[in-house]
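Scroll down for the structure; my scribbles are underneath it.
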Amino acid sequence: MSYYKLLGLSAEPFSTSPDPAFLYLSRGHRAALTRIQIAISLKRGLSVVMGEVGTGKTTLSRKLAQVLRENEQVCFHMILNPCFKSQKQFLAHLAALFHLDINPRKASGMECIEAVEQFLYRRGVQERKTVALLVDEAQMVPDYVLEILRILLNYETNEYKILQLILVGQMELLPRISRMQNFWDRIALKCLINPLGLDETREMIQFRLRQAGYEGPGLFSEEAIRAIHEYTRGYPRKLGMFCHDALEHLVMQDRRMVDEAMVRELISRELLPVGGTAGGVPDVC
């Protein structure tokens, strides 16, 4: 039996998977989600969401994807791994993503771009759809891919940008795009996702327990929550991983509440890397 069932839960509350149902919308996350939706509805073009590792950007992007896919007026696409080795490979991926009637192996780069532009015109102008493309882990996007995206962002009517592009990435994306003036100038919306404060840490723990079906008394003491916030510094990914370990420890010790002593014990036993970056292994392209 899974540990969470022993606690009266119907699901794992602190999974590391980016499940939108378990996204706690802090003030920062809610503001970012709302502002992006407004930018897309107004067809303003390019939105950029940045934050440190483990701040919940990927889960936020999944929530945005869920919302946009429920809108019949939105033609939504997502790129999860933007590690393209060449312009040709990226254009071939776009051709497959948009189901274009073109063979990218035989067509030139310009022919591929023209095919994408024709797709955008057909869907975004003739069919009056909102075409949105979200790129996760955008800090890994090569410069030559950013240049192609810049070209596609130039495609517009007198009233609006035809492609709505959302880049979601770590903070190292910022200096790269800031040096590309002709790309930087096209950003209609910039959002920064910050770690959670103490109150938001408490709310996130309670929210995820409720989402997992918990209806009993509090599983974390106030002192434990303060210690967890201090240790994780409010990074949602690290916070979730720690709470998962704490609940497992709770079951193994047959106790009813995670208290400060248990949290300190878990920290001292180094069940999570102390002083390391939230999220563990760095991304490798």
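Of note:
- Scanning region 181-229 for residues that are part of a helix (DSSP H, G or I), in contact with a helix residue (DSSP H, G or I) (Cβ under 8 Å, 6 or more places away or on another chain) and among the aliphatic types (A, V, I, L, M) gives L198, M204, I205, A224, I225, A227, I228.
- The single condition among (1) in contact with a helix residue (DSSP H, G or I) (Cβ under 6 Å, 6 or more places away or on another chain); (2) surrounded by fewer than 19 Cβ atoms within 10 Å (Cβ to Cβ) that H29 does not satisfy is (2).
- Restricting region 188-235 to residues that are of a type in the set (D, E, K, R) and in contact with a Pro (Cβ under 8 Å, 6 or more places away or on another chain) leaves a set whose member that is nearest to G54 (Cα to Cα) is R233.
- Looking only at residues of region 232-244 that are out of contact with any helix residue (DSSP H, G or I) (no Cβ under 6 Å at 6 or more places or on another chain) and not hydrophobic (A, V, I, L, M, F, W, C), we find that the one that is surrounded by the most Cβ atoms within 10 Å (Cβ to Cβ) is P236.
- Per this entry, E265 is not counted among residues that are more than 20 Å from K5 (Cα to Cα) and at pLDDT 95 or above.
- Taking the criterion of being of a type in the set (G, A, S) and over 22 Å from K88 (Cβ atoms), the residues of region 103-160 that qualify are G124, A132.
- Scanning region 152-180 for residues that are part of a helix (DSSP H, G or I) and either crowded, with 23+ Cβ neighbours inside 10 Å or among the hydrophobic types (A, V, I, L, M, F, W, C) (or both) returns L152, L153, L173, L174, I177.
- Tabulated pairs, region 212-228, first over 13 Å from M262 (Cα atoms) and touching a residue at least 24 places away in the same chain (Cβ under 8 Å), second part of a loop (DSSP other than H, G, I, E, B) and of a type in the set (G, A, S), C-beta under 7 angstrom, 6+ apart or interchain: A212/S10; A212/A11; G213/S10; G213/A11; Y214/G8; G216/G8
- Any chance T201 is touching a residue at least 40 places away in the same chain (Cβ under 8 Å), assigned by TED's automatic domain parsing to the domain that holds S10 and hydroxyl-bearing (S, T, Y): no
The values are calculated or read from the model by the stated rules, or taken from the named source; none is laboratory data. This one's a predicted model, so the numbers in the text were calculated from it and none came from an experiment. FYI the Cβ positions are ideal-geometry reconstructions off the backbone, even for glycines, and counts take in every protein chain you see.
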